[in-house]
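This report concerns only the one structure given below.
The values are calculated or read from the model by the stated rules, or taken from the named source; none is laboratory data. Treat the numbers as computed from the prediction; the structure is a model and nothing was measured. Glycine gets a Cβ as well: all are built from the backbone with ideal geometry, and neighbour counts include every protein chain shown. Side chains included, ligands, DNA and RNA excluded: accessible areas come from the protein's heavy atoms. Shrake-Rupley method; radii C 1.70, N 1.55, O 1.52, S 1.80 Å.
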Amino acid sequence: CQRSATPSTTASPSPATARASGSAAAPDARLVAQGDSIFKAISCARCHGATGEGSETGPSLVSGPWLHADGSLTSIAAIIVSGVPREALKGEGRTRAMGARGGPANLSDAQVQAVASYVFTISRAKR
């Protein structure tokens, strides 16, 4: 990894960079709260559980290994945008595809970022 010769003192690390470096930088609390509301209002909670604990149809977002992302905010947002088709599902017994952008909810980019921020926040114990 190359570092610049003049480190910046004003920029804070992105959540993905923070995760990779082990620091605990968190997304904006208002964005996380909005993501929590969206997560519970649409199909996310049906498969992943109301608090992200997982169920028969969706893996835990709070413990265990990541199945379709690496745990960075960027990868969480990317999987929300693209979804997980049935043929790409990982984890024993999973048969329900994850719809792109929340399926019928068709989340906007801002809503995707809010949900990703919420999932990023609740998933800090995952490896």
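Restricting the range 42-51 to residues that are free of Cβ contacts under 8 Å to residues at least 60 places away in the same chain and open to solvent by 50 Å² or more (accessible area, probe 1.4 Å) leaves a set whose member that is nearest to Val119 (Cα to Cα) is Ala50. Among residues that are small (Gly, Ala, Ser) and touching a helix residue (DSSP H, G or I) at 6+ places or on another chain (Cβ under 9 Å), Ser108 is included. Of everything listed in (1) surrounded by 14 or more Cβ atoms within 10 Å (Cβ to Cβ); (2) at positive phi, the single unmet condition for Leu89 is (2). Within the range 75-90, residues that are under 14 Å from Gly58 (Cβ atoms) reach partners that are surrounded by fewer than 14 Cβ atoms within 10 Å (Cβ to Cβ) and hydroxyl-bearing (Ser, Thr, Tyr) with beta carbons closer than 7 Å, at six or more positions or on different chains, in the pairs Arg86/Thr95.
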